[in-house]
1. Report the full-extension gain for the segment residue 77 to residue 351: residue separation times 0.36 nm, less the Cα-Cα distance, to one decimal in nm.
2. Can you list the residues, at least 5 places off or on another chain, whose amide H is less than 5 Å from the amide H of residue 122, using H built in the peptide plane?
3. Considering only the other residues whose Cβ falls under 12 Å of the Cβ of residue 160, what net charge follows from Lys and Arg at +1 and Asp and Glu at -1?
4. With r defined as the distance between the Cβ atoms of residue 190 and residue 147 and R0 fixed at 25 Å, what FRET efficiency is calculated, to the nearest 0.05?
5. Can you give me the % of accessible surface on the chain that is carbon or sulfur? Probe 1.4 Å, all protein chains present, nothing else counted.
6. Across all directions of projection, what mean area in square nanometres is found for the Cα convex hull of region 160-226?
7. With only Lys, Arg, Asp and Glu charged, each at its Cβ (+1 for the first two, -1 for the last two), find how big the charge dipole of the chain is about the Cα centre; round to the nearest 20 debye.
8. Which ³J(HN,Hα) values, rounded to whole Hz and listed in residue order, are derived for region 111-126 from phi using the Karplus coefficients 6.51, -1.76 and 1.60 in 6.51 cos²θ - 1.76 cosθ + 1.60 with θ = phi - 60°, glycine and proline given as x?
Amino acid sequence: MADTTVKIFDSTMTGAPTLTNVAGNMISVLDACLVNGFGLVTTTSLVVASGVATATIATGHSARIDSVVLIAGATPAALNGEKKVLSTTTNIVVFDATGVADGAATGTITLKLAPAGWVKAFAGTNKGAYRSANAAASGVFLRVDDTGTTCARVVGAEGMTDVDTFTAKFPAEVQLAGGGYLAKAGTTGAKKWWIIANDRFFYIGVAHNATYPDSYIISGYGDIVSKKSPDAYRFVALSRTTDASATAADGSTSPATGNYTSSARYIARPYTQLGSGTAISLRFFCPLNMSGSAAESSGYYTGLHPYPNPADNAIIYSPMYVIEGLGIRGELPGQFAAPQSIGNAILNDTVFTDAPSPGKKTVWKMAGYGAIYTGGTFIDITGPWAS
């Protein structure tokens with residue numbers, strides 16, 4: 001059975017929440033993708049043949065290839081639950097049904113995009129506190145204040161008793177008053193967004209500036225793959241230090257932006273497990289670039305290695321390392337950088353098969369577009385991500 005832990009969502013899917021410069025819109029997006037799912041429809045038929053299920057929906061659907069749908073109400077019961085989508089047409093969704101006997105299913109059968117597996121622990125007016133539902137996760141909260149219009153404010157917190165009462169938050173007020181900034185919409189009108197997530201980490205990209213409708217700011221939140229075991233404080237919040245509503249896109253590797261000083265990146269506690277939230281940075285390892293200096297950014301700055309790599313016509317993948325002080329605390333789950341001059345050579349949302357390893361798929365997510373900081377990042381959409 002195909003892995004279903006990694007979920008993909010974007011603003012062009014049928015039934016997706018709209019993101020504008022209105023208070024509460026970001027909460028609606030996070031609720032739909034992390035907690036509830038969206039695009040609920042009733043099938044008119046569901047038939048299994050040779051381990052593949054074909055669902056027909058009269059009114060259309062939200063599913064995409066490689067997305068995960070949640071099936072309910074079917075008999076046999078083995079058809080219910082999360083299923084990886086293999087193909088779609090306007091009114092058809094084909095998904096993996098390995099091990100299910102051939103035949104037509106019965107019942108009132110519904111289908112929707114499956115949520116990522118988080119819970120909304122606390123809520124208030126245009127506010128929410130989210131936490132992984134996975135018992136093996138750190139249990140740290142992500143508190144989102146979406147009472148503003150052009151951006152939301154975000155902090156992590158070790159403990160919460162309601163949406164406005166929390167302990168050991170990061171960044172602390174002395175580090176960044178009000179928390180990090182999560183881009184939303186700098187002007188009126190709906191803005192494009194996407195989320196790729198599992199039940200412990202999510203990446204979110206927002207095309208916040210109407211002047212650059214295909215240029216994204218990418219942020220990330222959740223548990224990293226830590227080098228320390230156990231690591232009860234491995235939760236990171238990767239935001240910005242300022243409201244980006246009036247700025248162009250960020251270039252380079254995401255959620256590391258083109259200018260390392262423009263980002264608010266914090267982890268719940270140092271690797272010692274003592275103290276409070278501490279600043280981190282993101283880097284990837286690669287050979288020296290052609291000018292002899294260390295390359296730290298993906299796909300944008302000139303002088304990097306050529307794309308594709310001349311010897312094997314390939315992309316060079318590197319994990320994204322979380323740096324605490326001078327040491328490596330861990331890696332970001334499911335994300336890869338490339339020390340190559342990619343620029344616009346790869347179109348946004350291009351999927352690569354058997355990359356970075358056999359059986360895997362990665363999708364290229366651009367931060368900029370055209371002449372605007374054309375870097376980006378690769379995200380694994382096959383799963384499972386390391387944890």
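1. Gain in length upon complete extension: 95.4 nm.
2. Those qualifying (amide H under 5 Å, at least 5 residues apart or on another chain) are 129.
3. Within the 12 Å Cβ shell, the charges total +2.
4. Details: r = 20 Å, r/R0 = 0.79.
Efficiency, from the Cβ-Cβ distance: 0.80.
5. Values: 8150 of 14640 Å².
Answer for the chain is 56 percent, counting heavy atoms of protein chains only.
6. 6.7
7. Numbers: 26 positive and 26 negative charges, 66 e Å.
Dipole size: approximately 320 debye.
8. 9, 8, 5, 6, x, 6, x, 9, 10, 9, 6, 9, 9, x, 5, 6
The values are calculated or read from the model by the stated rules, or taken from the named source; none is laboratory data. Computed from a predicted structure; not experimentally measured. Ideal geometry is used to build each Cβ from the backbone, glycine not excepted, and the neighbour counts take in all protein chains shown. Note: areas computed on protein heavy atoms with side chains; ligands, DNA, RNA excluded. Shrake-Rupley method; radii C 1.70, N 1.55, O 1.52, S 1.80 Å.
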